[in-house]
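Have a look at the structure below, then the notes.
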Amino acid sequence: QVQLVESGGGLVQAGGSLRLSCVASGRAFSTYDMGWYRQAPQKEREVVAVIRRTGSLYYADSVKGRFTISRDNAKNTVYLQMNSLKPEDTAIYYCNGNRSDGLSYWGQGTQVTVSA
């Protein structure tokens, strides 16, 4: 039983930046693969970025060069630094964690709105 608590969403103008944070409860954060997903209205949820327990990284093509995912295992926290934001980035952003046994956890989501 793990709880993910997200913060950092808000309203920003195009070209601006935001940093999302996700804090996990529990004792085994460093063993989880962590990721950020997003869902725009009437759209499918899509993966944005993943940082695995090994430190390996994955980014969606739409955010490469603009977003950076990182983690601080001592703080049980994963971050998403979002730069050069575009209106197309507007969505609810969800934190995700995956245990090695296949069990998944989701945060409640945080709204990111980018105005033109």
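Points worth noting:
- Kirkwood Rh, angstrom, the chain [1 / mean 1/r, Cα pairs]: 14.1
- Protein accessible area in the chain, 1.4 Å probe - carbon and sulfur %: 47
- Per residue solvent-accessible surface (Å²) - the chain, probe of 1.4 Å: 54
- Ranking by accessible area, most exposed first, for R19, R71, R53 with a 1.4 Å probe: R19, R53, R71
- Other residues within the sphere of radius under 11 Å centred on the Cβ of A28, judged by their own Cβ, net out at +2 (K and R +1, D and E -1).
- Cα-projected label distance for L57 with S100, points at 7 Å along beta-carbon direction, nm: 2.5
- Using every pair of distinct Cα positions in the range 1-45, the Kirkwood expression returns a hydrodynamic radius of 13.1 angstrom.
- Within-13-Å neighbourhood charge of S17 [Cβ basis; K, R +1; D, E -1]: +2
- With a cut-off of 9 Å between beta carbons, the residues surrounding V112 carry a summed charge of 0, where Lys and Arg count +1 and Asp and Glu -1.
- The range 10-70, relative contact order [Cα under 8 Å, separation at least 6], %: 21
- Unit charges on C-beta of K, R, D, E only; dipole of the range 1-76, Debye: 140
The values are calculated or read from the model by the stated rules, or taken from the named source; none is laboratory data. This one's a predicted model, so the numbers in the text were calculated from it and none came from an experiment. FYI the Cβ positions are ideal-geometry reconstructions off the backbone, even for glycines, and counts take in every protein chain you see. For accessibility, only protein heavy atoms count, side chains too; no ligands or nucleic acids. Shrake-Rupley method; radii C 1.70, N 1.55, O 1.52, S 1.80 Å.
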